Every structure is written in C-alpha cells, then in structure tokens.
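The structure appears right after this line, and notes come after that.
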Amino acid sequence: MTSAAPRTTLEAIKIERGLTWRDVARAVERASAAGGRLVSLSEDHARRLGTRALGEVQPTPAIARALEGAFGHPVVVLLGPHDPAASPPSGRPSYQEALTMAAEKARHLALNMPGIDDYSLLEEELRDLARAYPVQALPELINPLVTLQDAVHQAILRPRRPGDAAQLFSIGAITGGILAKASHDLGDPRAAVTQARTALILAEQAGNTTVAVWLNGLMALIAYWDGRPQESLRYVDRGLATNAVNSAALWLASSGARAWARLGNVEQATESIHRADEMTEAMEPTDLDGLGGILTFTDARAAYYAADALSWLPNHPESDGAAQLAVDAYADDTRDTWAFGDAAGAWCDQAIIRIANGEVEGAAESIAPVLELPRDLRIGGIVKSVQRVGAAVESAPDSRPADDLRDQIEAFAARPLTMRP
C-alpha cells in the first residue's frame, strides 16, 4: 500500500500511470537493455527506492541511467521528494521532447523522400510496427503508424508513382488495418471500420488476396467485440470463401468459433474449433507471416480463441482444458509469439470458466495478472474481457472473495487506456 502523498517523484509517476512496482522494475530493465547494458532490478528493490525506504541511498550508476531512460527525469529528481506544485510527474523534460520530435521528423522525411523507386523502407517500417504491436503500449505506436500511413498515402497520390504499385497498395492496406486495430483498441469502432474498409479497397487494388483475407479477420474481430456476432460471421464466411489455407484463414476459422459460441450454438462453435485445429496442419506460409507480429495468427492465438469461444459455453467438456492450454501458451513472455492482449484474454477466459465451476478464489488467481496491468496496456479488448469476468462473478453466490473480485474489476475498468489527456 502507498501513502496518500507520494514520497518521491518516481512514486508519483507510478501512481499517475497506474503502474505496479513490478512494472517500474521491468521498465527500468527494458531501458537498460535499450541502452546496451542490461541491469536487473527486483520489484522489492524498485519499491524501496521509490518509497525512500533506503533513505537517501542512491542506486548504482547503471540503475540510475536506466531509471532516467525509463522515466525521463534525472535520478535525483526521480528519487527525491515529490513536489506537488511542480510540473506533472508524467511529463518529459524539454530535451527529451525535442529528441522525440526530431526522431519523428526524421522518420517522416525518410518515408517521404522523392524519387524512391522501391518501397523497401516503408515495408521495413511496417514490419517493425507489426512486431511491436502485440508487445508494446499503444500510445508509443500511434505517431509512427500515422507517419507511415501518411507516407503511403502521399506515395499513392503522387502523379508519377515509382516502384511496384501492388507492393505500395499492399503496404497501405496493411498499415490501414493496423490503424483500424488501434482505433478498436481505443474504443472507437466507427473509426476502426472506416480504416478497415479503406484498407480492403487498397488490398483489392493490389490484387492481394492474402491481405484481403486478413482484413476480413480484422473486421470479424471488430464486430465480435462490438457485440455483433452475426456480422462477425459474415466476415468469416467472406474470407473463408477464398479457400485460402494460411494463418489469416486460421484466424477466420478461430473467429467463427467464438462468434458461434457467443450466439450459444455449441455444435457450430465446436465444429469451428476442430476446423481450426485441422487447418494448422496444412497451413502455407505467406508474406504476412514473414512480417510477423500482429499480422500472423499463431498456434498460441488459436489456443486463446478456442478458450475464448468455450468461455461462452463454460459447461462444455473441453472448456477447462482449453483455458489451461491457452494460459500455458502465453506463460513465457520472452517467446516471439507472446502478446500481452492475448495473454490477458486467456487469463480472463480461465477466470470465467472457474467461476462457472464455483471456484471464485481460483478465478481471482487467474485474473490477478490482468488486474495489475498498467493503464497504457488496458486496451479495449482487455477491458471488455475483464468486464465479462465481472458479469460472471455477479451471478456467483455472495461471498467475501466474490465481493473483493467485483471491487477490483470495477476499479480496473474505471481506468481504461484512452488517448485523451
């Protein structure tokens, strides 16, 4: 428990951003790795530094540099007494703002250089962003994504467009799809649909069936989370009509399972899960798999979708096993297939199924890692998954564990990720 008044600027930043001390420690470790010299900082050590439990003892030089890199203030400010009258703790010093702005301008210039006769730079930027999306906080990715989309649009509208037009339109379609996912994650389904529909037009212009199938999967996802499972199934059917056998088609089959489950159709949901299982044995790699990240649908994601489907049917004989399989698939956050959103969804699905089995305390254990997520990772799908757990616990018999879980879920859902100040 922290006191009402933050004892240091670091503690004030922690509270402002909705972080745990474990998040603080991991942010420091990531900053040290980015600086080329990995340091280790435990949760307890971070807490002791941030609450002045060690008095005015300073950290080692390596930890001090990593603290400054992670939170944008000199270490003497971070670990010194917090001054409520000072500028907001989450603000960056002017030099860091200037460097960030300079980096964005450089990226914009590089992506809009005239006379480029191929689009490899655009594709490299797209690959980096696609791989960052499942593991990085969304606010860090918005500016680069918008810059990339602007560069693509300018290239498309150029009177004399150099290079491979099909490649350019495909890059534009994929970039628009990722931005559609970003709009969805920020709780704006209308903007998400607008981006996705435009992206589909670009995919058709490129003649890129694989990207079109992937975009149908994205539209199915948006409709599912917006409470429109029938519409989600229409996108599933449209994408699967291509008879593609790749990771984008696997996404559609898995999406169909959870849409059918949400409609209460046990037979169709089970059939779709089994269809997805069979599809994994015959999938052919595509360019999207080469780009990776959010653009490929992995076995781990298929396991999560199966658990998500069966969480709507918690008495299904396969529900317990599917939930455990999904949780296990995301147990190692160092794997390339790890994604914080899917990991959170798997934990929530297991919690829902445990509540249906009368295991409220077990559900609280399952969802605990999700409720510790900092605010900048509380994307729309995670918040809705947590709210589904809340709806499940509302039907559970009254008990102290159930009451505690309801309170925790209410507090979590009250602070979702938003791009508003």
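The values are calculated or read from the model by the stated rules, or taken from the named source; none is laboratory data. In this text, all values refer to a predicted model and were calculated from it rather than measured experimentally. We place every Cβ from the backbone using ideal geometry, glycine too, and count neighbours over all the protein chains shown. We work out accessible area using only protein heavy atoms, side chains counted, and drop any ligands, DNA or RNA first. Shrake-Rupley method; radii C 1.70, N 1.55, O 1.52, S 1.80 Å.
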Inter-probe distance in nm under a simple model that places probes 7 Å from Cα toward Cβ, at ARG406 and ARG127: 5.2
Sites ALA166 and ALA191 - FRET efficiency at Förster radius 22 Å, r taken between beta-carbons, to 0.05: 0.25
VAL76-ASP44 pseudo-label distance in nm [points 7 Å out on the Cα-to-Cβ vector]: 3.1
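Under 1.5 on a/c is rounded, so check that first for segment 320-421, then, if it is not, pick prolate when a/b is larger than b/c and oblate when it is not; a ≥ b ≥ c are the square roots of the alpha carbon gyration tensor eigenvalues. Each step should come with its number before you reach the end.
On the way: a/c = 2.29, a/b = 1.13, b/c = 2.01.
Judged from the Cα gyration tensor, segment 320-421 comes out oblate (a/c at least 1.5, b/c at or above a/b).
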Most fluctuating residue given options PRO229, PRO369, PRO189, as computed from a GNM of the chain linking Cα atoms under 10 Å: PRO369
Residue with peak Gaussian network fluctuation, the chain [Cα springs, cutoff 10 Å], from GLU281, GLU359, GLU123: GLU281
Approximate spin-label separation ASP83-THR242, in nm, with each point projected 7 Å along Cα-to-Cβ: 5.8
Stokes-Einstein D in µm²/s, Kirkwood radius over Cα pairs - the chain at 10 °C with 1.306 mPa s viscosity: 69
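Can you check what the net charge comes to around GLN230, using other residues whose Cβ is under 14 Å from the Cβ of GLN230 (Lys, Arg +1; Asp, Glu -1)?
Values: positive: ARG228, ARG234, ARG238, ARG258, ARG262; negative: ASP226, GLU231, ASP237.
Around GLN230, the charge tally is +2.
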Alpha-carbon spread of segment 212-357, three principal axes, descending order, Å: 42, 36, 27
Shape category assigned to segment 237-318 from the gyration tensor of Cα positions, a/c cut at 1.5: prolate
Calculated FRET value between GLU204 and GLN387, using beta carbons and R₀ = 45 Å, to 0.05: 0.80
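Mind ranking TRP312, TRP338 by accessible surface for me, highest first, 1.4 Å probe?
Values: TRP312 80, TRP338 45 Å².
Heavy-atom accessible area, descending, gives TRP312, TRP338.
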Net charge, LEU41 excluded, C-beta distance under 11 Å - Lys, Arg +1, Asp, Glu -1: +2
Relative contact order [Cα under 8 Å, 6+ residues apart], the chain, whole percent: 12
Farthest toward positive dipole pole in segment 117-156 [+1 Lys/Arg, -1 Asp/Glu at C-beta], among PRO144, TYR133, LEU122: TYR133
Cα-centre dipole for the chain with unit charges at Cβ (Lys and Arg positive, Asp and Glu negative), debye to 20: 1340
Rounded, prolate or oblate (a/c below 1.5 giving rounded, otherwise prolate when a/b exceeds b/c) for segment 126-204 by Cα gyration tensor: prolate
Difference of contour (0.36 nm per residue) and Cα-Cα distance, ARG375 to VAL266: 35.7 nm
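What is the local net charge at PHE297, summed over the other residues whose Cβ is closer than 12 Å to its Cβ (Lys, Arg +1; Asp, Glu -1)?
On the way: positive: ARG301; negative: ASP289, ASP299, ASP342.
It works out to a net charge of -2.
Compute the length gained on full extension between ARG234 and ILE142: take 0.36 nm times their separation in residues and subtract their Cα-Cα distance, giving the result in nm to one decimal.
Values: separation 92, 0.36 × 92 = 33.12 nm, distance 2.95 nm.
Here the answer is 30.2 nm.
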Square roots of 5 times each gyration tensor eigenvalue, C-alpha, segment 172-238, largest first, Å: 18, 14, 7
